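Asker: Structure incoming, see below.
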Amino acid sequence: MSVRSSCRRDPAAPTALRVRDGLVLAAMLSLAACAAVGTRPLPPRVEVEGVRLAAAPSGDPVVDVRLGVDNPNAFPVSIRSIDATIRIEDVAIAVASLPAPVTLVASGRTMLDVEARPDIAALRQVVERLLRTLRAGYEVAGSAVIQDGMRLDFRRRGDLPIADLLRRLR
């Protein structure tokens with residue numbers, strides 16, 4: 001003897017369950033991905049505060065670049081590297097690099113100094129131009145890489161006092 005059920009299944013019910021289960025699964029995977037990745041820091045802002053030509057204790061010329069780095073995050077962020085090309089009168093004279101990683105203060109400004117030893121041949125070319133024009137325009141352009149690999153570009157142009165430049169090159 002066979003018994004037939006008079007209950008009919010709603011054909012849309014399995015589809016609705018599959019959609020709902022799929023949405024729940026997608027939400028769980030999204031939360032798991034967020035937990036695995038962690039909070040990505042907001043990008044710090046890098047500004048060139050100034051450029052100064054100086055002499056090393058050996059008497060060799062050096063270019064000091066002062067950077068101000070604002071960290072908008074409520075936690076410290078480390079900068080893994082900074083590389084910047086320094087140009088005077090459109091001639092690349094030096095490349096400055098951060099000697100070691102630096103940790104930025106939380107929700108504040110950190111001042112960084114990077115130093116570069118200029119290429120003497122390029123510097124001679126610049127001095128010849130300076131003597132003709134009596135001005136020294138400069139540009140510092142570079143990038144900083146923070147702890148998660150995010151790259152931050154920065155650039156500044158300005159003028160160096162010619163008298164200061166010539167006095168320091170003697």
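The values are calculated or read from the model by the stated rules, or taken from the named source; none is laboratory data. Remember, it's a predicted structure, so these values are computed and weren't measured experimentally. Every residue, glycine as well, gets a Cβ built from its backbone with ideal geometry; the counts of neighbours run over all protein chains shown.
Asker: I'm trying to understand the selection: among the residues of region 82-129, which are of a type in the set (Gly, Ala, Ser), part of a strand (DSSP E or B) and over 26 Å from Pro44 (Cα atoms)?
Answerer: Residue satisfying the conditions is Ala92 alone.
Asker: Being modelled with pLDDT of 95 or more, assigned by TED's automatic domain parsing to the domain that holds Glu139 and either more than 19 Å from Ser143 (Cα to Cα) or β-branched (Val, Ile, Thr) (or both), is that true of even one residue in region 117-124?
Answerer: Within region 117-124, not a single residue is modelled with pLDDT of 95 or more, assigned by TED's automatic domain parsing to the domain that holds Glu139 and either more than 19 Å from Ser143 (Cα to Cα) or β-branched (Val, Ile, Thr) (or both).
Conditions (1) more than 22 Å from the chain's Cα centre (by Cα); (2) surrounded by fewer than 19 Cβ atoms within 10 Å (Cβ to Cβ), marked per residue:
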position: Ile79; (1), (2): no, no
position: Ile86; (1), (2): no, no
position: Asp90; (1), (2): yes, yes
position: Pro118; (1), (2): yes, no
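Asker: Do you know which residues across region 43-65 are assigned to a strand (DSSP E or B) and over 15 Å from the mean Cα position of the chain (by Cα)?
Answerer: Within region 43-65, Glu49, Gly50, Val51, Arg52, Leu53, Ala54, Ala55, Pro61, Val62, Val63, Asp64, Val65 qualify.
Asker: Residue by residue through region 92-114, note down the ones that are charged (D, E, K, R) and either surrounded by 15 or more Cβ atoms within 10 Å (Cβ to Cβ) or not assigned by TED's automatic domain parsing to the domain that holds Leu160 (or both).
Answerer: Answer for region 92-114, where residues must be charged (D, E, K, R) and either surrounded by 15 or more Cβ atoms within 10 Å (Cβ to Cβ) or not assigned by TED's automatic domain parsing to the domain that holds Leu160 (or both): there is none.
Asker: Confirm whether Val63 is surrounded by 13 or more Cβ atoms within 10 Å (Cβ to Cβ) and either acidic (Asp, Glu) or closer than 18 Å to Arg156 by Cα (or both). Reasoning before the result, please.
Answerer: On the way: surrounded by 13 or more Cβ atoms within 10 Å (Cβ to Cβ): yes; either acidic (Asp, Glu) or closer than 18 Å to Arg156 by Cα (or both): yes.
Yes; evaluated as a whole, the condition is true for this residue.
Asker: Shifting gears a bit: Could you tell me which residue of region 124-140 is nearest to Asp60 (Cα to Cα), considering only residues that are among the hydrophobic types (A, V, I, L, M, F, W, C) and surrounded by fewer than 18 Cβ atoms within 10 Å (Cβ to Cβ)? Spell out the reasoning first.
Answerer: First, the residues of region 124-140 that are among the hydrophobic types (A, V, I, L, M, F, W, C): 126-127, 130-131, 134, 136, 140.
If we keep only those that are surrounded by fewer than 18 Cβ atoms within 10 Å (Cβ to Cβ) too, we end up with 127, 131, 134.
Values: Val127: 15, Leu131: 20, Leu134: 23 Å.
Among residues in region 124-140 that are among the hydrophobic types (A, V, I, L, M, F, W, C) and surrounded by fewer than 18 Cβ atoms within 10 Å (Cβ to Cβ), the one nearest to Asp60 (Cα to Cα) is Val127.
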